Amino acid sequence: MKRKTWRWVGIGLLAMLGALVFVGADWLRGLSFVVRAAGMQGAVPEAVAGFRNAPFEKSELRVPTRHGEVRARLYRPREVRGRTVVLTSGVHADGIDEPRLVKLAEDLARGGQMVLSPEPPDLLRYEITPRLPDVIEDAALWVSGREDLAPGGKVDLFGISFSGGLSVVAAGRPALRDKVASTLSFGGHGDLPRVLTFLCSGQLPDGSHLTPHDYGVVIILLNVADRLVPPEQVEPLREGIRTFLRASHQTQTDRKLAEETFAHARVLETRMPEPASRLMGYVNLRNVAALGPLLLPLVREFAADPSMSPARSPAPASPVYLLHGAGDTVIPSMESVLLAQALRPYTEVHQLSTPLISHAEVDKKAGAADMVRMVGFWASLLDE
């Protein structure tokens, strides 16, 4: 979640605080979390953000899974309130060090919740595979079996971006059905083939059109590179794509370094034979119009495994919370709407699409009504 200075009308926030006195501490806890997450500044917001804050400690762990041990980080408050959260990042080479993930984990820990963030290796390589829900499931099982980490044997599953949908998949598996109290998909998908089709074409399920972010189609190319180039060209092409993606992330923190990394991606393009060189050229130019039609025929086969789509997998027995940015161009907000419809016959679902979020980060200015809905969403989730 991106930290920004939000301009608040002090009297409006004070009025909301006054109302919360009558609503209860749960809403105040939700407001405190949202204020922390959004990085609101000023005397009143900072006082709200400090409500029942707890200092916490961080430690590094290795968590066993069926695909081998994975690195993980534990955020342990000195005064624990609420269940332990298993929090999984999106598709990102920084893994558990990704700044938005760290910010969310710290905000939860300050509120008193213990947080374990596992690091599935496939996410570090920008790969979306059936191994991912396995790792989330196994990490949650490991935590739930530790009395010192999960008193009572239950956890919450929170996932960001594609890991949001995959956390819903994991929560619905038989081994976890009685061990997960709630699941949050933050900017996540419902049906992977449907999302990938959108990223290649801009076509939404209702027939309307939205220009997709170039990030998504580049991720698809990395995952299906072996279907488009000879075997000896696959890894050089993937290395070039990962270099481009790394530069894209660096633009958020160090633009000079990002430009150097983008330049290196262009150099790698010149060293590749055809057809890898042509495909890498499309990546460097962010040419979605050229890449999309090439990738679209491969989408359904690549994403066919139902374990990569919560809408195609058994529903969790516990409540599911779906939070989405209304204008998301990586995973459209319609994904959460459609997933909510698919899950409601089987479980309790809370769904919110909000203009306060872009893609899995709170980074927009708040209107009063949107703020109230966001606080209510988090208050309900944190009180499960």
Test set (1) open to solvent by 20 Å² or more (accessible area, probe 1.4 Å); (2) outside any helix (DSSP H, G or I) - THR270 fails condition number: (2)
Counted residues, the range 90-121 - those being open to solvent by 10 Å² or more (accessible area, probe 1.4 Å), part of a helix (DSSP H, G or I) and of a type outside the set (A, V, I, L, M): 7
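Quick one: would you say GLU137 is buried (at least 24 other Cβ atoms within 10 Å of the Cβ) and out of contact with any strand residue (DSSP E or B) (no Cβ under 7 Å at 6 or more places or on another chain)? I'd like the intermediate steps shown before the answer.
Values: buried (at least 24 other Cβ atoms within 10 Å of the Cβ): yes; out of contact with any strand residue (DSSP E or B) (no Cβ under 7 Å at 6 or more places or on another chain): yes.
Against the criterion (buried (at least 24 other Cβ atoms within 10 Å of the Cβ) and out of contact with any strand residue (DSSP E or B) (no Cβ under 7 Å at 6 or more places or on another chain)), GLU137 qualifies.
Would you check if THR261 is open to solvent by 80 Å² or more (accessible area, probe 1.4 Å) and farther than 27 Å from SER201 by Cα?
Values: open to solvent by 80 Å² or more (accessible area, probe 1.4 Å): no; farther than 27 Å from SER201 by Cα: yes.
It is false that THR261 is open to solvent by 80 Å² or more (accessible area, probe 1.4 Å) and farther than 27 Å from SER201 by Cα.
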Test: HIS324 is open to solvent by 10 Å² or more (accessible area, probe 1.4 Å), in contact with a Pro (Cβ under 9 Å, 6 or more places away or on another chain) and not in a helix (DSSP H, G or I): no
Index of the failed condition, ALA342 passing every other in (1) assigned to a loop (DSSP other than H, G, I, E, B); (2) of a type outside the set (Val, Ile, Thr); (3) more than 30 Å from LEU279 (Cβ to Cβ): (1)
Positions within the range 200-259 being under 22 Å from the mean Cα position of the chain (by Cα) and acidic (Asp, Glu), in sequence order: ASP214
Any pair with Cβ under 6 angstrom, 6 or more apart, that starts in the range 161-173 at a residue that is in contact (Cβ under 8 Å) with a residue 60 or more places away in the chain and open to solvent by 10 Å² or more (accessible area, probe 1.4 Å) and ends at one that is of a type in the set (Val, Ile, Thr) and in a loop (DSSP other than H, G, I, E, B): PHE162/VAL91; PHE162/ILE128
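Looking only at the range 327-346, filter to residues that are under 22 Å from ILE219 (Cα atoms) and either in contact with a Pro (Cβ under 8 Å, 6 or more places away or on another chain) or of a type in the set (Lys, Arg) (or both); which one of those is surrounded by the fewest Cβ atoms within 10 Å (Cβ to Cβ)? Give the steps one after another, and end with the answer.
Going residue by residue through the range 327-346, those that are under 22 Å from ILE219 (Cα atoms) are 327-336.
Still in the running and either in contact with a Pro (Cβ under 8 Å, 6 or more places away or on another chain) or of a type in the set (Lys, Arg) (or both): 327, 329-330, 334.
Values: GLY327: 15, THR329: 19, VAL330: 23, MET334: 20.
For the range 327-346, the residue satisfying everything is GLY327.
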Count of residues meeting criterion [closer than 13 Å to VAL234 by Cα, in a loop (DSSP other than H, G, I, E, B) and touching a residue at least 24 places away in the same chain (Cβ under 8 Å)] in the range 273-304: 2
Test: residue in the range 365-384 that is of a type outside the set (Lys, Arg), modelled with pLDDT of 95 or more, surrounded by fewer than 23 Cβ atoms within 10 Å (Cβ to Cβ) and more than 20 Å from the chain's Cα centre (by Cα): no
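Kindly provide the set of residues from the range 182-229 that are of a type in the set (Asp, Glu) and in a helix (DSSP H, G or I), ordered by number. Before the answer, list the steps.
First, pick out the residues of the range 182-229 that are of a type in the set (Asp, Glu): 191, 206, 214, 226.
Residues satisfying the conditions are ASP214, ASP226.
Identify, from the list GLY207, GLY202, GLY188, the residue that is farther than 18 Å from GLU384 by Cα, buried (at least 24 other Cβ atoms within 10 Å of the Cβ) and not charged (D, E, K, R). So that I can check it myself, show each step before the final result.
Details: GLY207 fails: buried (at least 24 other Cβ atoms within 10 Å of the Cβ); GLY202 fails: buried (at least 24 other Cβ atoms within 10 Å of the Cβ).
Only one candidate qualifies: GLY188.
The values are calculated or read from the model by the stated rules, or taken from the named source; none is laboratory data. Here the structure is a predicted model, which is why all the values come from computation and not from measurement. Here Cβ is always computed from backbone atoms with ideal geometry, including for glycine, and neighbour counts include all displayed protein chains. To get the accessible areas, we keep the full protein, side chains included, count just its heavy atoms, and leave off ligands, DNA and RNA. Shrake-Rupley method; radii C 1.70, N 1.55, O 1.52, S 1.80 Å.
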